[in-house]
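Asks: Handing you this structure, nothing more for now.
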Number of protein chains: 10
Amino acid sequence: MTRDEITQAVLAARLERGLSWQDLADAIGKPVVWTVAALLGQHPLDTGDAEIVTGRLGLPRETIPVLASVPMRGALPTAVPTDPTIYRLYEVIQVYGPAIKEVIHEQFGDGIMSAINFGISIARRDHPAGDRVVITMDGKFLSYEWPS
Amino acid sequence: MTRDEITQAVLAARLERGLSWQDLADAIGKPVVWTVAALLGQHPLDTGDAEIVTGRLGLPRETIPVLASVPMRGALPTAVPTDPTIYRLYEVIQVYGPAIKEVIHEQFGDGIMSAINFGISIARRDHPAGDRVVITMDGKFLSYEWPS
Amino acid sequence: MTRDEITQAVLAARLERGLSWQDLADAIGKPVVWTVAALLGQHPLDTGDAEIVTGRLGLPRETIPVLASVPMRGALPTAVPTDPTIYRLYEVIQVYGPAIKEVIHEQFGDGIMSAINFGISIARRDHPAGDRVVITMDGKFLSYEWPS
Amino acid sequence: MTRDEITQAVLAARLERGLSWQDLADAIGKPVVWTVAALLGQHPLDTGDAEIVTGRLGLPRETIPVLASVPMRGALPTAVPTDPTIYRLYEVIQVYGPAIKEVIHEQFGDGIMSAINFGISIARRDHPAGDRVVITMDGKFLSYEWPS
Amino acid sequence: MTRDEITQAVLAARLERGLSWQDLADAIGKPVVWTVAALLGQHPLDTGDAEIVTGRLGLPRETIPVLASVPMRGALPTAVPTDPTIYRLYEVIQVYGPAIKEVIHEQFGDGIMSAINFGISIARRDHPAGDRVVITMDGKFLSYEWPS
Amino acid sequence: MTRDEITQAVLAARLERGLSWQDLADAIGKPVVWTVAALLGQHPLDTGDAEIVTGRLGLPRETIPVLASVPMRGALPTAVPTDPTIYRLYEVIQVYGPAIKEVIHEQFGDGIMSAINFGISIARRDHPAGDRVVITMDGKFLSYEWPS
Amino acid sequence: MTRDEITQAVLAARLERGLSWQDLADAIGKPVVWTVAALLGQHPLDTGDAEIVTGRLGLPRETIPVLASVPMRGALPTAVPTDPTIYRLYEVIQVYGPAIKEVIHEQFGDGIMSAINFGISIARRDHPAGDRVVITMDGKFLSYEWPS
Amino acid sequence: MTRDEITQAVLAARLERGLSWQDLADAIGKPVVWTVAALLGQHPLDTGDAEIVTGRLGLPRETIPVLASVPMRGALPTAVPTDPTIYRLYEVIQVYGPAIKEVIHEQFGDGIMSAINFGISIARRDHPAGDRVVITMDGKFLSYEWPS
Amino acid sequence: MTRDEITQAVLAARLERGLSWQDLADAIGKPVVWTVAALLGQHPLDTGDAEIVTGRLGLPRETIPVLASVPMRGALPTAVPTDPTIYRLYEVIQVYGPAIKEVIHEQFGDGIMSAINFGISIARRDHPAGDRVVITMDGKFLSYEWPS
Amino acid sequence: MTRDEITQAVLAARLERGLSWQDLADAIGKPVVWTVAALLGQHPLDTGDAEIVTGRLGLPRETIPVLASVPMRGALPTAVPTDPTIYRLYEVIQVYGPAIKEVIHEQFGDGIMSAINFGISIARRDHPAGDRVVITMDGKFLSYEWPS
């Protein structure tokens, strides 16, 4: 089975068995966003975690070494996402991207927020006018440094 | 002057006068990310704020009604951003976008995080292994609703 | 079966069994545009509705949890639609999009018509020079609001 | 002046003189969406109307024959619109386009809603949970017909 | 079978059985360009015609309702055609498209040649320097009309 | 002046002077579609014709050698045309392109309709249900031939 | 079998049987570049040649009418080729394309080198600093001619 | 003046002064295709040659060091060329590119025809059925070699 | 099996058998980057090496002639890579590409670093602030030379 | 002056004054690749260095704060570079990119070579068969780490 076929199988098995993503994350003791990303083919699982997850989902054992290998990353089928939930994140970059860049440079200097030494979490904020999604990205600042 | 020419003039005048973005945000009492986005042509300024800002930057008064009008939004010159600081945000969508979607659906139901009723802030988190950029997005959850 | 395979199966079964889209919409008591969109993979069905629909179409029961899950949305195979019936909608955006934007801003202020809290209906208007298609979009106005 | 330069001049003059689009539409007795589209370079104005409008906006008389000529249409700078207000219309096509197609075919037969014999209007619908934008498109149904 | 698979089957069966497109057009009494377009998935066939054609081609009866349904149109695999015979038509638009537009506007006014109320035929014109392909497009003129 | 600037100047001068394209074509005794294409930068004019045309339009004499030189052809600003009048021609290729190809091959053999040894004309066909645009393309058939 | 599947089968069978392209060209007495192009789906083979070739390659007889039919041409999977050997030809167009155009116009007048009445050959030129690939393209000059 | 502005100036001056490309090539004793490519911004001229050429064309002396510097190469404004004369070269790659690749590999081994150690010439071949353009490309064969 | 299927099979078999890329490179005595590139379909293997590798991986013998043939090169599924590890190399070209060009021209003259007579190696450099990846590219300088 | 205009001015002034890039790098005591990248708008210069450089190049003092600000990075005008010298670097990613990824993962684990904490140098390696360009990239390895 290729990585893509395994991702399809994960999606189908999870729905069929009625498992939540949180169930799978709890089973391996990892944050839920990380776990979903990994199962959608964006991160390798430890072999032990891959065994647990494939057990829960009823996937064949041959998928374990594939799930444990570093994947070819990139989850969007088109350069500009079409799904509205994902598109809003792209819209944020279109509207606020250069502003984020300017503020990072003003507060930290020349460099970037790492997307590798990086975590992301999603929380619910109660609000009388309607609850809110709060996404927190936490990445190490990396300054441009030329090696000596 | 077109909106694009005004944006170029803002960028040049800010550097020439040695003003920080924070200075300009403080002058109008608005959050800094919002202020930079507005000055880069992504949000309208109140006429009063436009007067203050053009005063600080030494821009001609004819720019005020333009700065106060709703702009044609979209700040990226290419669909996939080339600037590394901005690209990392795009990479986050490539790697975590579908996972964010799944977690929002699992925790909130079918819908999106609004990018309109929405704010974004940037903070510094001290860390012994290197300080971190923390970006917090806070958008109202909007569930799919068919009007009756 | 993946979502795409289910969509193909829905299309084939509907034709084979001679069911109209209206039949399927009536069976679940939902508006017809919404029903077609859902069956083409753009909205989740309630499990009960999915049971009814798969019964009518003779689809296997394993498709029910997939039809009931939130799909990855986006129905066009190309960024610019090639089908003439759909292209005319795109042409409307090319010709009237910026005008719609200006009028919304003039009448409502800075913001958007939601495509999430949103419904759409199609009606026939009799006309001596040839009947007319009337498409009504009804979306909540969302004004740009920065959370406090 | 080229058509694009005239469009830029219209935008600047309208803001500078504090005229609303509705003012300009009323001045020529045309629907407001049509008027804005025309002034943004998507429709020709009658010479008489062009004289009125250029008078209100203080544009040079040499712009009149250009405003009165049939323009090269197409108002979006990118194939997929980046402005959020306009993007929502594109998103509607991504999510509902094929469904609209199916319903038109089921109710009218094989053909299209014309975008030429076509009008569009925007109305406000009061709603206790927030007012709504109602966009009504009204186009002649054209059935596929092979000439004899 | 999906529409694409049926198109593939039509192409294979026609070659295998040694049928010309004209044979198939004659069998159903339709113009040959229309017939080929329909069999390549661009127009629906009447059920009766679909029965005749599938009989000649030896296709299974389950293809009949699919051939009789309105297809998702658009036959080119890339936005710019690569096949030289088809590319020349695209080149004609690149070289003469704006000129055709200007002449239509000068002779008919503001509007379009319909591609829906439209027919196309191909004829051979004998010529001493080499025979010529004459393609005649015949579409109803549609003037821009705003409904009242 | 570059070729593009001359094209802009032609368009502006024609409108300002109230000349029809037919007037200009008659002045040089050439078919009108050809004349418009040439003046829009798609064909070279004979020097004599360029003198006549620039005289009528009041263009500077330095434009004559440019108008008389072979241009870099290709008149569309985007690969898929956005103007509705021109788009319909593209739509014809999307819907009928492969069918035209098949019929040319069936009637002429393997080869193409030349777009170089080629003419195009536009005529009006009166029709009780609305007059029609008839576009006739007439190109030499070129069969694939491998030189010996 | 579709044309693409046949092309895959040709590639596999040739390698498995250890046949050179020259062997196949010699078997049918055609130039080698033409033969390879034909077998890669860019030209039809005569039925007799198709019989010979399928015999050598051990392909099923049902492939013969497909190989003998005019194919949908265009062999590159991407608009800009990625394979280095093929890319160099594209680079030649990027660097020399407009120069070739100017020289053809200066030496022949306004027109093109036909790619239909056209042949191409590849030869080896010995050279002390390393042998050279000499590609010769030979196409009929076609001048722009408007039919009368 | 930027390189692009110089290219525009070269084109205009050549036409105005009635110089052929061959005249300019003869003036510097270089092949004509090379000379045109260089003057269109694809190759540096020796300073001496740049002096001669700018003299003939009446360009300012400040253009000499720019003409003598290595340019940023790539002469096509779009990835797929729209000009018919240049497009035919692209079509040759679409139809014959993979065949050329196979024949080079069969005759020379794994490698490429260099586009750097490379020359190109254009000749006229008289032919009773119409003269022919013969383009000869002559590039060093470079085999894949891994350095030790 | 097509080349792509063989590449998939290599990837799956390597993981299943727990072989490192270095194991496979050692087995055939080739540099590891070259070996991985070859097994991912970018270089041909000698038949002897293909026998060794397919033996280690347990692939069928019919894959040997395919692995030994020159492949259609180009390993990226999208023009801009989405995988972060590979994207960083693209980012290097975006940020440093024109600078590399200028320095090569200043130090070597007009020409390129060959990607054919070329090798690449990866080494680890220990560093107290974190180990470093050192990628060394070594390509023959090729100066632009016009053959005589 | 915008950043782009300054880059154009740098290029023109350097050629006009006959300064090498090495001269400019030496003047500020920085590596030459870094210096060229900075002057082409990819890195900020220290204010002191900007003063030195603008002095050497004779640029106006108003360019200093722009040169000292963090630029919007990304130097390629097209996603796939057209210049042959730069294209070869892109070709290396097409041919070796996935192999580099695999080897980095095998030798370092899951992560990337940083393009921020990163340097690049170019050296000449003498070789009897022709000197070679050696490009060394040296970037910190960053392993995927989820913050706690």
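Asks: Per residue of the stretch B:69-75, in order, report the coupling 6.51 cos²θ - 1.76 cosθ + 1.60 (Karplus, θ = phi - 60°) as ³J(HN,Hα) in whole Hz, putting x for Gly and Pro.
Replies: 9, 5, x, 6, 7, x, 9
Asks: Could you state the number of Å between the C-alpha centres of the stretch A:54-121 and the stretch E:39-99?
Replies: Result: 40 Å between the Cα centres.
Asks: What size of dipole, in debye to the nearest 20, comes out for the protein assembly as shown about its Cα centre when the only charges are +1 on Lys and Arg C-beta atoms and -1 on Asp and Glu C-beta atoms?
Replies: 0
Asks: Point me to the residue of chain J whose C-beta lies closest to the J-onto-C rotation axis, rounding the distance to whole angstrom.
Replies: Here the nearest residue and distance are J:Ala79, 8.
Asks: Could you pull out every whole DSSP H run in chain J that spans at least 30 Å of Cα extent along its own axis and averages -0.5 or higher on the Kyte-Doolittle scale?
Replies: For chain J, where a helix must reach 30 Å along its axis and average at least -0.5, the hits are J:84-108.
Asks: Oh, and also: Can you give me the pair-distance distribution of chain D, C-alpha pairs, 10 Å bins, whole percents?
Replies: 9, 30, 32, 21, 7, 0
Asks: Please report, in Å, the Rg and the Dmax of the stretch I:67-110, where both are computed over Cα atoms only.
Replies: Cα radius of gyration and Dmax of the stretch I:67-110 are 14.9, 41 Å respectively.
Asks: Quantify how much of the Cα-Cα distance distribution of the protein assembly as shown extends past 66 Å, in percent. Numbers along the way, then the final one.
Replies: Values: 72199 of 1094460 pairs.
Here the tail beyond 66 Å accounts for 7 percent of pairs.
Asks: If you build a Gaussian network model of chain J, linking Cα atoms that sit under 10 Å apart, which residue out of J:His127, J:His43, J:His105 swings the most?
Replies: Evaluated over chain J, the most mobile residue of the options is J:His127.
Asks: Once the Cα atoms of the stretch J:84-143 are picked out, what are the Rg and Dmax in Å?
Replies: Radius of gyration, then largest Cα-Cα span, for the stretch J:84-143: 13.8, 41 Å.
Asks: Something else: Taking amide H atoms as placed 1.01 Å from N in the peptide plane, list the residues 5 or more away in sequence, or in a different chain, whose amide H sits under 5 Å from that of E:His43.
Replies: Residues meeting the amide H criterion: E:Ala38.
Asks: Projecting each Cα onto the charge dipole of chain J (Lys/Arg +1, Asp/Glu -1 at the beta carbon, about the Cα centre), which of J:Tyr90, J:Ser143, J:Val53 comes out farthest on the positive side?
Replies: My answer, from the dipole projection, is J:Val53.
Asks: Okay, moving on. What is the Cα radius of gyration of the stretch I:3-67 over 2.2 N^0.38 Å, N being its residue count?
Replies: Ratio of Rg to 2.2 N^0.38 Å for the stretch I:3-67: 0.95.
Asks: Tell me which aspartates and glutamates have Cα within less than 12 Å of A:Lys101's Cα, excluding those fewer than 8 residues away on the same chain?
Replies: Reachable aspartates and glutamates: A:Asp110, B:Asp83.
Each value in this text was obtained by applying a stated rule to the coordinates, not by laboratory testing. Quantities reported herein were computed from a predicted structural model and do not represent experimental measurements. Here Cβ is always computed from backbone atoms with ideal geometry, including for glycine, and neighbour counts include all displayed protein chains.
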